[in-house]
Protein chains: 2
Amino acid sequence: MLDNQSMSSTSRLDREFERLPLRERKKLKTRRAIQDHALRLFAEQGYDATTVEQIADAAEISPSTFFRYFPTKEDCVLSDEYDPVMAEVFRAQPPEMGVIDALRVMYRELLAGMYIGDRDRILTRSRLVLSVPALRARTFDLMRQESATAFSELAAERAGVPIDDPRVRVLTWATTAAIEAAVTTWAESDGALDLPKLVDEALAFIAAGCPL
Amino acid sequence: MLDNQSMSSTSRLDREFERLPLRERKKLKTRRAIQDHALRLFAEQGYDATTVEQIADAAEISPSTFFRYFPTKEDCVLSDEYDPVMAEVFRAQPPEMGVIDALRVMYRELLAGMYIGDRDRILTRSRLVLSVPALRARTFDLMRQESATAFSELAAERAGVPIDDPRVRVLTWATTAAIEAAVTTWAESDGALDLPKLVDEALAFIAAGCPL
DNA sequence: TAACTTTTGAGAGTTAATCTCATTTAACAT
DNA sequence: ATGTTAAATGAGATTAACTCTCAAAAGTTA
């Protein structure tokens, strides 16, 4: 199931893809073409040195079409990575398990799969995002906003506290920051370190009260 | 209307100010004028609806001069709030005290003072920053980069671990996120809640391992 | 006052981002 | 199949952020 999710995500997604009407299929294809060419050009020339016009030319669309797919140049890098599967796995943990422990189990299960199939892609993208201040700021903001909504609800539900309990935001923002720290350390090591281990240790460290 | 350093700046800063050569004094005055007019216009018209040209007109300078003082429109809101006094107070705590506890004491001491003098200014600015996505992302990124440098060194020093220990980044980013969460909750309450208390409780919650 | 340095303003140029409108292309009911 | 309807696209104009250059103005110092 887990390996299935990531490894075979291509084929599963492809099957869904082929069931879509032609118009939707073309839209998805265009969207992917833009992202692929953009990431390639960013890698080749740098982010700032690449104009939207160049991306549009490479993807064989007009600049106005680019902005119809992505509201800003930044957004074509920021894929919305939130996965409903994460919520599922999180909820599947025994109710007496604490929020952070459930989070650890969830990442242990899901990251293992992702780490096999998408390691290189994630590493490349992470390096790009971390090296361009505007992308870095927007990516982290996006993750925080997401955790403020989706994960906050899950956490409050599990803990049995109201969603507006100040501790819920502290918990979600702090754990999100811990995971981002792990990813950053991993990207800085050029992938030499083990990401799943770094994430698990980061969360364990938070659960232990950050004893330093 | 906008008398610049009227109430807030302490007499200590004023004395320093008057010792500066005329050229430096004018520069500081211009910088403050830009920030004051910008914040006023943002409050009146909204951030996006206010152009740099309008700010420049209000501050009686040319647009090119605006960009000589602030590299981007965003930056005239983002004051660099890092205070060397914070490092001093942090270092002054007994060496056997843990990093988070030293941080708590530091915030307890410094926030108490700020809360009296600058409460309204901080609240206004926080609301502006939190309401404009671009400002929010850049502010949080700025704080994280700061904590990645200044505070990381202090934390590693106190804990007696190398600065590149992964736990150092996890600790600094997580505590920074916890403080930001407290400030956000405070701003959302329109200042009805007690900021020093929220910050102290957030850090205590982190030190306890986020038990939820 | 004169020589020197720094700050400033004017103006032109680049690019991201928004908007309108005409054209093309797919979807679907007959 | 075909015509009607709805959606996607491209071209082009527009705004505003940001960069750059150069000459004028203001300050510092001898």
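Please treat every number below as a calculation from the coordinates, not as lab data. Not measured: the values here are computed from a predicted model. No Cβ is skipped: glycine too gets one built from the backbone with ideal geometry, and neighbour counts run over all protein chains shown.
Scan the range A:154-170 and tell me whether some residue there is surrounded by fewer than 24 Cβ atoms within 10 Å (Cβ to Cβ) and closer than 27 Å to A:Cys76 by Cβ.
no
Taking into account only those residues within the range B:68-113 that are within 18 Å of the chain's Cα centre (by Cα) and of a type in the set (Asp, Glu), which is farthest from B:Arg125 (Cα to Cα)?
Per the criteria, the residue is B:Glu88.
Of the numbered conditions (1) among the hydrophobic types (A, V, I, L, M, F, W, C); (2) at the interface with another protein chain (Cβ under 8 Å from one of its Cβ atoms); (3) under 15 Å from the mean Cα position of the chain (by Cα), A:Ala150 satisfies every one except a single condition; which is it?
Here A:Ala150 meets the rest and fails (2).
Conditions (1) hydroxyl-bearing (Ser, Thr, Tyr); (2) loosely packed, with under 14 Cβ neighbours inside 10 Å; (3) within 16 Å of DNA strand D (Cβ to nearest atom), marked per residue:
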| site | (1), (2), (3) |
| --- | --- |
| A:Ser64 | yes, yes, yes |
| A:Asp75 | no, no, yes |
| A:Val85 | no, no, no |
| A:Arg127 | no, no, no |
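Can you pull out every residue in the range A:26-62 that is over 23 Å from the mean Cα position of the chain (by Cα), of a type in the set (D, E, K, R) and surrounded by 12 or more Cβ atoms within 10 Å (Cβ to Cβ)?
A:Asp57
Does the range B:105-113 contain any residue that is within 21 Å of B:Thr139 (Cα to Cα) and not aromatic (Phe, Trp, Tyr)?
Within the range B:105-113, one or more residues are within 21 Å of B:Thr139 (Cα to Cα) and not aromatic (Phe, Trp, Tyr).
Can you give me the number of residues within the range A:37-58 that are more than 14 Å from DNA strand D (Cβ to nearest atom) and either of a type in the set (Lys, Arg) or under 13 Å from A:Phe70 (Cβ atoms) (or both)?
Number of matching residues: 3.
Does B:Glu201 meet the test of being among the acidic types (Asp, Glu), at the interface with chain A (Cβ under 8 Å from one of its Cβ atoms), more than 19 Å from B:Pro84 (Cβ to Cβ) and buried (at least 22 other Cβ atoms within 10 Å of the Cβ)?
Against the criterion (among the acidic types (Asp, Glu), at the interface with chain A (Cβ under 8 Å from one of its Cβ atoms), more than 19 Å from B:Pro84 (Cβ to Cβ) and buried (at least 22 other Cβ atoms within 10 Å of the Cβ)), B:Glu201 does not qualify.
Quick check: anything in the range B:25-45 within 14 Å of chain A (Cβ to nearest Cβ) and within 12 Å of DNA strand C (Cβ to nearest atom)?
No, there is no match, as no residue in the range B:25-45 is within 14 Å of chain A (Cβ to nearest Cβ) and within 12 Å of DNA strand C (Cβ to nearest atom).
Evaluate the range B:110-126: report whether one residue or more is of a type in the set (Lys, Arg) and within 13 Å of chain A (Cβ to nearest Cβ).
Scanning the range B:110-126, I find no residue that is of a type in the set (Lys, Arg) and within 13 Å of chain A (Cβ to nearest Cβ), so the answer is no.
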